[in-house]
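Below is one structure, written out as structure tokens; the observations come after it.
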Amino acid sequence: MGEHHVPLQIDENNNVTKVGHDMGGSYEIKEAVQLELFPNDIYEDCILCGCKTTTLKSTHVDFRTGYIEGAGQLCRECYMKGSSDSREHISIPKHYIKTYPNDMELGEKVRQFYYQNY
Ligand SMILES: [Zn+2]
């Protein structure tokens, strides 16, 4: 069985208004069908500014950056707010402790994380 590509006509609200070619076999859709073309709700919202973060909801909190326990997810911008110089503390992902059992390697990773994120 061959693969069939059927063109969809989609309006500005992501509603499919037409299926198929004009030359035969097309039909207008009477009732608008909402298509989730770009599902946005797979990402966490920032608890501070409300924007979409780049953190997937499916990401375990131990593997997140900017997750505040008891509060929720911050976007990178909000998380980094306040000059990095004024910060007295940094936080590292908890899993680093178990992922890098070698103290020297852990230290290296912590330092690397620091320079990448602060
Ligand atoms: Zn934010």
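The values are calculated or read from the model by the stated rules, or taken from the named source; none is laboratory data. What you are looking at is a predicted structure, and each value in this text was computed from that prediction instead of being measured. Glycine gets a Cβ as well: all are built from the backbone with ideal geometry, and neighbour counts include every protein chain shown. Note: areas computed on protein heavy atoms with side chains; ligands, DNA, RNA excluded. Shrake-Rupley method; radii C 1.70, N 1.55, O 1.52, S 1.80 Å.
Per-residue 3J(HN,Hα) values for the stretch 41-56, derived from phi via the Karplus relation 6.51 cos²θ - 1.76 cosθ + 1.60 with θ = phi - 60°, read 7, 8, 9, 6, 8, 6, 6, 9, 9, x, 6, 6, 8, 9, 8, 5 Hz in sequence order (x marks Gly and Pro). Each of Val6, Val19 has its accessible area taken with a 1.4 Å probe; listed largest first, they run Val6, Val19.
Rg/Rh for the stretch 49-118 (Cα atoms only, Rh after Kirkwood) is 0.98. Between the beta carbons of Tyr100 and Val61, assuming R0 = 30 Å, the FRET efficiency works out to 0.95 to the nearest 0.05. Phi angles of the stretch 63-80 translate, via the Karplus equation with coefficients 6.51, -1.76, 1.60 and θ = phi - 60°, into HN-Hα couplings of 9, 9, 10, x, 8, 9, 4, x, 10, x, 8, 9, 6, 4, 5, 5, 5, 8 Hz per residue; Gly and Pro are given as x.
Amide hydrogen proximity for Leu48: with H placed 1.01 Å from N in the peptide plane, the residues at 5 or more positions away or on another chain lying under 5 Å are Cys75. Distant-in-sequence amide contacts of Tyr67, defined by a placed amide H-H separation under 5 Å and a gap of 5 or more residues or a different chain, comprise Leu74.
Extending 7 Å from Cα along the Cβ direction at Arg76 and again at Val110 yields two label points whose distance is 2.5 nm. Under 5 Å between amide hydrogens, built in the peptide plane, is the criterion, and for Thr17 it picks out Gln9, Ile10, Asp11 among residues at least 5 positions away or on other chains. Cross-link reach is defined here as a Cα-Cα straight distance under 18 Å, omitting same-chain residues fewer than 8 places apart; for Lys81 the lysines meeting it are Lys52. Packing order of peptides 75-81, 110-116, 59-65, highest average first: 75-81, 59-65, 110-116 (average count of other Cβ atoms within 10 Å over each peptide's residues).
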